[in-house]
Amino acid sequence: MSVENPATPQPGAGVERPSPSPARRRIGAVRLAIGCAQGLTLWFFFAKAEAIWGVGPHREVMAYALPLLLIAPLVPILGVGRLRRGTVLAWLGAACTLLVLLVAYDLWRAGPPADGVAPDGELGPLLIPAAFAVVYILHHLIEPADAARRWRPPYAAYVGGAWRHAFQIGTGVGFAAAVWGVLGLSAALFDALRLAGVAETLTAPVVVMPVLGLAFAGAVHATDVRSGSLAARLSVATVLAAVLAVLATGLLAAFLCALPFTGLEPLWATRHAAALLLASTALLILIVNAAYGDGTMPEARSPLLRATVRLAGLLLAPLVGLALTALTLRIAQHGLTPVRVWGLAACAVAAVYAVGYAWAGLRARPWMSALGTTNLVGAVATVLALLLLLSPVADPARLSTADQIARLESGRVAPESVDFTALRFRFARYGREALAQLAASGDAAVADRAREARNRGINLPPGGRPFAGATIAPPGASLPTGFREQSWPREPLAREPASCLYSAARCILLVIDLDGDGTPEVLAFRELPDLPGSGGVFATEAAVYRRDDRGVWRKAGTLSWPFGRAIAQSILAGIRAGRAVPIPPGLPDLDVDGQRLRFAPDANQSGR
């Protein structure tokens, strides 16, 4: 499929706007269908899947589902009408496969759940942004090549597609956020009129998530259809970028000229010189590309702009050199860490741009012609760097662990200079495995520090007297004999529902005969954070405690309900008021040769 321009008005048609062609309407329908399906699938995984699979499996399924649902739909939404159908399907399949592989390795490197470490099924904070960058760059290498039917289309095709889709995605996200705000405000107004049913409907995830998906897809399609308006906006943005390029280049040139007079010590004393310099490099690359465009725009004929872009191309090399120097000095002092590995990768990619831009700036004619080739090589280098960092080949945690252990074993650093806590909490499973080996070391100083780090918790619940923050429900109830007096082990994470059993954390303890055997159980509910608004999404579950035959209270399982702050507030209010009533399951489980087949009610039958 290829993009068709909207029909042009016929002579004498006045100012009446042309109607979209049938092909355009079909493309819009496909995009809206994808957006709606994306929202509905997100709602299912957030609100219903946990009840079907259970808490543990649901976390792992969500780890795979989130990147697929947030990133993969962009391929058909952006590609429909611009890529051939076979190319869209092949690229979508490749993108999904790549995302699954990246998630699988990220979960593996996190390792099994450990005390004080992120629970099983939790993705690293950089995975989704890095995966989005990889898919976005690859998409804009594939789309122009598919449209031109050759591997190397004109540079203008790359520029136009990348800036257009960045504008569309930004507009889509902004419009979806605006729609979400309108829904929340409308719900508050209806709630003020005591029309709670309407308010709950407007904030229900089953309504909000599909609507947001439709809003995003609709905004992308609207900006695609109004290509003339988009071109006008981009033209204005180009002029503003040219002004910004002159300002930024002048200030960065002044900064570099000041260094011989001030020396480098004040820059190193900031302790984040590399981050500042790399951020300046990225900003310079961005605004130079915005000002240069495809090199054929009328604005590019300005002598001032031409001189500015040439100078900016020459400034990249000293900025990258200073950033690399700052990093190597820190690494020589304190060794590798995951952040520094990412910084080295950023310097390597920035060096590609610095060399190419300097070559383009030094050539007399044609003006900055090497910039286009440099951008393509830099895009490929960025994708390769991200894929290496997200894989075992150059995993920052693996490289950092190996470097820190090598520094310790070689005697370059003393045991007290090694950050054993970082090995446990910041270096993924590689650091924890190394820490286990160090705990068995023959060096007493090393072994003691390693064991201390392994036994150290993180994000512990607040101190204070146990049960001090507990509310007993229903009103007038009291905890069963022995429950308060029992010695409860401290869980590693403050977000555990029962953290109030051993600290002053706030929770609700519901005393109720859940299974109808005449002996009450105790259900622990974590109180919601005190955050304004009611549109947030919160995962909440209760821990169920039952007394065994020896009189010891043990955790028997969990109860969970759909995501949503409004839902959680309503449920917790009902529990405090004593409106919790146990109900028997709709159908019993089934035992087949010792294997238990669990019954899960269908969502459509929940109202019966």
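The values are calculated or read from the model by the stated rules, or taken from the named source; none is laboratory data. Owing to the predicted nature of the structure, the values given are computational and were not obtained by experimental measurement. Ideal geometry is used to build each Cβ from the backbone, glycine not excepted, and the neighbour counts take in all protein chains shown. Remember, those area values only see protein heavy atoms, side chains included, never the ligands or the DNA or RNA. Shrake-Rupley method; radii C 1.70, N 1.55, O 1.52, S 1.80 Å.
Of everything in the range 312-333 that is open to solvent by 40 Å² or more (accessible area, probe 1.4 Å) and in contact with a helix residue (DSSP H, G or I) (Cβ under 8 Å, 6 or more places away or on another chain), the residue that is farthest from I405 (Cα to Cα) is L314.
Examine the range 18-35 for a residue that is closer than 30 Å to E541 by Cα, at pLDDT 85 or above and open to solvent by less than 60 Å² (accessible area, probe 1.4 Å), and state whether such a residue exists. Checking the range 18-35: at least one residue is closer than 30 Å to E541 by Cα, at pLDDT 85 or above and open to solvent by less than 60 Å² (accessible area, probe 1.4 Å). Within the range 152-163, being open to solvent by less than 40 Å² (accessible area, probe 1.4 Å) and either part of a helix (DSSP H, G or I) or polar (S, T, N, Q) (or both) holds for Y158, V159, G160, G161, A162.
When the range 362-416 is filtered for residues that are touching a Lys or Arg at 6+ places or on another chain (Cβ under 8 Å), open to solvent by 20 Å² or more (accessible area, probe 1.4 Å) and part of a loop (DSSP other than H, G, I, E, B), the ones remaining, listed by number, are W367, S369, P392, V413. When you look at L329, is it closer than 25 Å to A157 by Cβ, assigned to a helix (DSSP H, G or I) and modelled with pLDDT under 95, yes or no? The answer is no for L329.
What's the total number of residues in the range 346-361 that are open to solvent by 20 Å² or more (accessible area, probe 1.4 Å) and either under 23 Å from Y430 (Cα atoms) or of a type in the set (S, T, Y) (or both)? Looking only at that region, the number is 2. Taking each residue of the range 335-359 that is under 24 Å from R109 (Cα atoms) and basic (K, R) and looking for partners that are open to solvent by 40 Å² or more (accessible area, probe 1.4 Å) and part of a helix (DSSP H, G or I) with beta-carbon atoms closer than 8 Å, six or more apart or interchain, yields R340/R330.
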